[in-house]
Every structure is written in C-alpha cells, then in structure tokens.
1. May I ask what percent, to the nearest 5, of DSSP beta bridges between residues of the chain are antiparallel?
2. Suppose all protein chains stay in the model; what accessible area per residue would a 1.4 Å probe give for the chain, in Å²?
3. Between Glu153 and Gln177, what is the label-point separation in nm under the 7 Å Cα-to-beta-carbon projection?
4. Restricting attention to the alpha-carbon atoms of the stretch 89-266, what are Rg (one decimal) and Dmax (integer), both in Å?
5. For the chain, what D do you get in µm² per second when you plug the Kirkwood radius from alpha-carbon pairs into Stokes-Einstein at 25 °C and 0.890 mPa s?
6. Which translational diffusion coefficient, to the nearest whole µm²/s, is obtained for the stretch 225-306 from the Stokes-Einstein equation, given a Kirkwood hydrodynamic radius over C-alpha pairs, 37 °C and 0.692 mPa s?
7. Need the list of lysines near Lys2 for cross-linking: C-alpha distance under 21 angstrom, and skip anything on the same chain fewer than eight residues off.
8. Taking Cα centroids, how far is the stretch 188-242 from the stretch 130-159 in Å?
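The values are calculated or read from the model by the stated rules, or taken from the named source; none is laboratory data. The model shown is predicted, which means the values in this text are computed figures rather than measured ones. Cβ coordinates were reconstructed from backbone atoms using ideal geometry, including for glycine residues, and neighbour counts include every protein chain displayed. We work out accessible area using only protein heavy atoms, side chains counted, and drop any ligands, DNA or RNA first. Shrake-Rupley method; radii C 1.70, N 1.55, O 1.52, S 1.80 Å.
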Amino acid sequence: MKISFCCNVTPPEPWLIDLRAALPQAFVTVWSRGDAPADYAVVWAPPQQFFDEQSQLKAVFSMGAGVDALLKLRLPPASLLVRLDDAGMAVQMAEYVCHAVIRHFREFDVTAGDVQHGLWAQRPVRRRADYPVGVLGLGVLGARVATALTQFEIPVLGWSRSARALPGVRGYSGAAQFHDFLAATRILVCLLPLTDETRDLLNRDTLSRLQPGAYVINVARGAHLVDEDLLALLDSGQLAGATLDVFRTEPLPADHAFWRHPAITLTPHTSARTLRADSVAQIAGKILALQRGASVAGVVNLEQGY
Ligand code: NAP
Ligand code: GLV
C-alpha cells in the first residue's frame, strides 16, 4: 500500500516517521510531481496538480476538520474525502470557547485593564441567565463546546441542520428556527462548516437579531462573518465585542481594522490545532478499516459540503 503526503505548512518528516510507525506495511512518501500512483493521501492545501496526477486515490485524508479549501479543488471522482473527526481538537475548542465566554461574562478583560492601571475596582455581579450562549453547529466540535458550557450553569442553545438532542442544551434546527435561535442568544459561537449555505451567515441582518449587547465568537472560518457588518455593529454599540480566531485572509493583513479594534480579541487560527500523534493514529486506523472493507467516520458528504 502506498501513501502520499502533501502539505506545505508543516515539516513533513515527523508525519512520515509517525505514519510509517503506525503502518509499517505501507510505503509513505512526500508527494512530488510525476510520482507513481498512491492508494491513500494525507493532505493539507495540496495543489490541483496533486489530484490531477493522483486520480486513482481510494481515500484522501484531510489534516484538518474543515474541508472547505479541499472542496474548491477537483477531487478524484472515486475517492472518499475523510476529515479529522475530533482527533484531540474538541477538547482544545472547548477550552478556547469556554475561556472566551467566561472572560466576557465575568469581565475579566475589563478587570485586567483596571489592574494594569493600578485600579482596585470590583465589577457589579452579572446574572448567568442574562447571558445565554448560542452555538451554531452541533457537530463533533460544537457538541463538545455546548456540553462543556453547560457545566458553568449558563443557559446553552444550539443550532444545527438536523435536530440534535444534547443534555442541558436547548436545540434549534434548520432555517425555520434560525431567527428564534438568534433572538434567544446573547453570546454567539460559530462552529459551522463553511459551505454555500453558511458563507456570510454572520452579517448585519443576522447579528442584529441577537440580544442587545451581544458578543460574537467565531472559531469556524473567516468567511462566515461579514467583516464590515461586525465593525459597524460594534461601533454603533449594538454588539459588545468579539473574539475571532479565523479570518477571510490568513494571516490577517497588517492593515486590517480587526487588529486595532478595542472590542475585538483575536488569535491566529489557534483555537484547535491539529495534533500529529492523535491525527496519525486516527488516519492509520481508518486506512486499516478501509483495507478490510469496513466503513469509517468523518467521510465528507460532497453534496452537503461537510
Ligand atoms: P461537523 O462535525 O461536520 O459539524 C458541523 C455542524 O454544523 C453539524 O451540527 C451540522 O448539522 C451543522 N451544520 C452544517 N451546515 C448547516 C446548516 N446549513 N444549517 C445548520 N447547521 C448546519 O464539523 P466539526 O468537526 O464540528 O467542525 C466544524 C468546523 O470547525 C470545521 O468545518 C472547521 O471549519 C472549523 N474548525 C476550526 C478550527 C480552528 O482552529 N479554528 C479547528 C477545527 C475546525 P447536522 O448535525 O445536522 O449535520
Ligand atoms: C482547522 O481549522 C481545521 O479545520 O482543522
């Protein structure tokens, strides 16, 4: 069995070593133009030429959970596209979002500023009931985040395409319940995949439907959010602030207004990192399952786009 590795954002050698250790029977190489056909591919942001040449792949394994960039390419018609299914990302995402929610709800950012100025200033106590958190997307990551948030006794709501029942989470589904979900949300967390249906979903109209003084946390993809609409709503005072981990252009251009906006906290696409050991173990397990003719989790539905 041959595995081709194609990724130019991380040094390949540690991945090759781990893949070879997990699948000693496999021949694992870094792809280069003109290579012989491989059976499986492990990729992040490959060039179109990779798929044009490797048109016989049985399965393509994404080194991330989101596959929106891969779906812009022409994929081999007969190969499965398999995304990372948690692989250590869900706990990181839960840490990140809980931190952002609590930092905003408890005003730890304001207190940190006070302390920097030598001020001893206790903030008025806020009621949890006044800060319902709505999670867009209740998949592998969104469900973990929503469940983690319930531990803090904050009201938690979730929105997904199909109805999902999670203990302690008030579920909404589909377009018909979207506006009700927004109207009941004060802190909005985006954990949707980027698809034709979800692109630009966080815009002036939808964000205006949130409770007054709402807070936005985008950890999914930059193209879910219309940047100018967020800035306008922050500047008008309708929104209280935002924590953003993902951007339309990454790295975020130096002249982008998000860098300097006082109500925006930003991080460099770091909320849930790909963990090599967990990812290799998952991918190797799935390759062995596919070799046995078994089905695997995380196969992308090309019609739905996630
Ligand atoms: P997932 O398991 O596929 O879950 C996607 C969720 O979104 C599902 O609940 C799905 O509904 C819902 N959804 C999709 N389209 C919808 C629509 N049109 N209307 C309503 N709900 C819709 O994905 P995941 O593993 O949780 O990952 C989510 C995204 O997080 C990824 O696609 C990626 O972009 C992003 N991500 C970011 C980072 C980072 O570091 N910032 C790291 C990893 C992933 P159903 O349950 O009904 O299918
Ligand atoms: C990261 O953004 C991922 O999709 O895994």
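1. Here the share of antiparallel DSSP bridges comes out near 5 percent.
2. Numbers: 14710 Å² over 306 residues.
So the chain comes to 48 Å² accessible per residue, rounded to a whole number.
3. The answer from the label model is 2.6 nm.
4. Values for the stretch 89-266 (Cα only, Rg and Dmax): 15.7, 50 Å.
5. This corresponds to a translational diffusion coefficient of 118 µm²/s.
6. The Stokes-Einstein estimate is 202 µm²/s.
7. Qualifying lysines at Cα under 21 Å: Lys58, Lys286.
8. 17
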